[in-house]
Structures are given as structure tokens and as C-alpha cells.
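**Student:** Could you have a look at this structure, given as C-alpha cells, before my questions?
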Amino acid sequence: MFKNTKAFSGFSVSDLKAAKTFYEDTLGLNVKDGDDGMPVLELQIEGSNNVLLYEKPNHEPATYTVLNFPVDNIEKAVDELTAKGVKFLQYEGDIKTDEKGISHNDGPLIAWFEDPAGNILSVLEV
């Protein structure tokens, strides 16, 4: 039934204007406003399906990573985003991060941060 469809993902934000500024200016993504004045944003990610953002008045941030950005060099990506004001999350315990917010645990090097609505995003080295 869905074998030949192009599925896409979406998640809510509390403020579309703040989300557009963050995803467009801070992260450097192409962000398209919704067609016909629909109150949504479309993150246009080259080489991937687009991601739909919609405003939800009673938005509650996800407690898990909603969007991952693969990068060639995580140190460089974290430094560049930090210079743009992004604050990386710090974790202790099973998932421990260094002073920059990078986890060196089993698996890829990964660092988590939040969008203006509190949704968790990551950069991970591939």
C-alpha cells in the first residue's frame, strides 16, 4: 500500500515565526511557508524528504530527538552552531556529553540541542 509513496515527517512548534527564524537563519535551511496561507512551514532538506512544522497552541516539546542532521565533522558543526547562539544539551549518566555537548559513547559522535519550541534536534558525525 505505501511501498511507492514518499512519506514525510512533521512535528509541532509553539511559534511558527520563531521556528522560521531559527531553522532558516540559524540552521541555514530552506524554509517554505505553507501553500494557500496554511499555518505551516516546510523544511526543505536537500537529499531528503521535507519536514512539516505546524503551530500548536498547547505544544509540548518532544522528550526525544525529532530531527537528526548528519555532518562530516561534529566538532566543526558544534563550534559553528555555538557561534550562532545554539546551546548544546549536557547529559550525565548513561549518555554523557563533554564540555561542548558531544557524546562519545558507543555509536556515532552526537550532540543534542533544542529549537525555540524545546524540541530536541541533533548533529551526528557520519
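None of the figures in this text is laboratory data; all of them are computed from the coordinates on show. Because the structure is predicted, anything quoted here is derived from the model rather than measured. Neighbour counts are summed over all protein chains in view; Cβ atoms, including those assigned to glycine, are modelled from backbone coordinates with ideal geometry.
**Student:** Hey, P70 hits all of (1) under 14 Å from the mean Cα position of the chain (by Cα); (2) surrounded by 12 or more Cβ atoms within 10 Å (Cβ to Cβ); (3) within 19 Å of A19 (Cβ to Cβ) but one; which does it fall short on?
**Tutor:** Just one mismatch for P70, condition (3).
**Student:** With (1) over 17 Å from S103 (Cβ atoms); (2) among the polar types (S, T, N, Q); (3) in contact with a Leu (Cβ under 9 Å, 6 or more places away or on another chain) as the list, and T65 as the residue in question, which single condition is left unmet?
**Tutor:** Unmet for T65, out of (1) over 17 Å from S103 (Cβ atoms); (2) among the polar types (S, T, N, Q); (3) in contact with a Leu (Cβ under 9 Å, 6 or more places away or on another chain): (1).
**Student:** Moving on. If a residue must be hydroxyl-bearing (S, T, Y) and more than 26 Å from A83 (Cβ to Cβ), how many such residues does segment 1-54 contain? Before the answer, list the steps.
**Tutor:** In the first step, residues of segment 1-54 are kept if they are hydroxyl-bearing (S, T, Y); the result is 5, 9, 12, 14, 21, 23, 26, 48, 54.
From what's left, more than 26 Å from A83 (Cβ to Cβ): 5, 9, 12, 54.
Matching residues across segment 1-54 total 4.
**Student:** Still on this structure, please answer the following. Looking at segment 59-71, I want the residues that are in contact (Cβ under 8 Å) with a residue 12 or more places away in the chain and have a partner that is among the aromatic types (F, W, Y) and surrounded by 15 or more Cβ atoms within 10 Å (Cβ to Cβ) with Cβ atoms under 7 Å, at least 6 apart or on another chain. Which pairs are those?
**Tutor:** Note: pairs meeting the criteria are A62/F11; T65/W112; V66/F11.
**Student:** Continuing with this model, one more query. Which condition number does V78 fail, the rest of (1) buried (at least 16 other Cβ atoms within 10 Å of the Cβ); (2) under 12 Å from the mean Cα position of the chain (by Cα) being met?
**Tutor:** For V78, the failing item is (2).
**Student:** Another question, then. Here is a list of conditions, (1) of a type in the set (A, V, I, L, M, F, W, C); (2) exposed (fewer than 12 other Cβ atoms within 10 Å of the Cβ); (3) touching a strand residue (DSSP E or B) at 6+ places or on another chain (Cβ under 7 Å), and A83 meets all of them except one; can you say which number that is?
**Tutor:** Only one criterion in (1) of a type in the set (A, V, I, L, M, F, W, C); (2) exposed (fewer than 12 other Cβ atoms within 10 Å of the Cβ); (3) touching a strand residue (DSSP E or B) at 6+ places or on another chain (Cβ under 7 Å) is unmet by A83, namely (3).
**Student:** May I ask you to list the residues in segment 14-66 that are of a type in the set (G, A, S) and at negative phi? Can you show your working first?
**Tutor:** As a first pass, look at segment 14-66 and keep what is of a type in the set (G, A, S): 14, 18-19, 28, 34, 37, 47-48, 62.
Within segment 14-66, S14, A18, A19, G34, S48, A62 meet the criteria.
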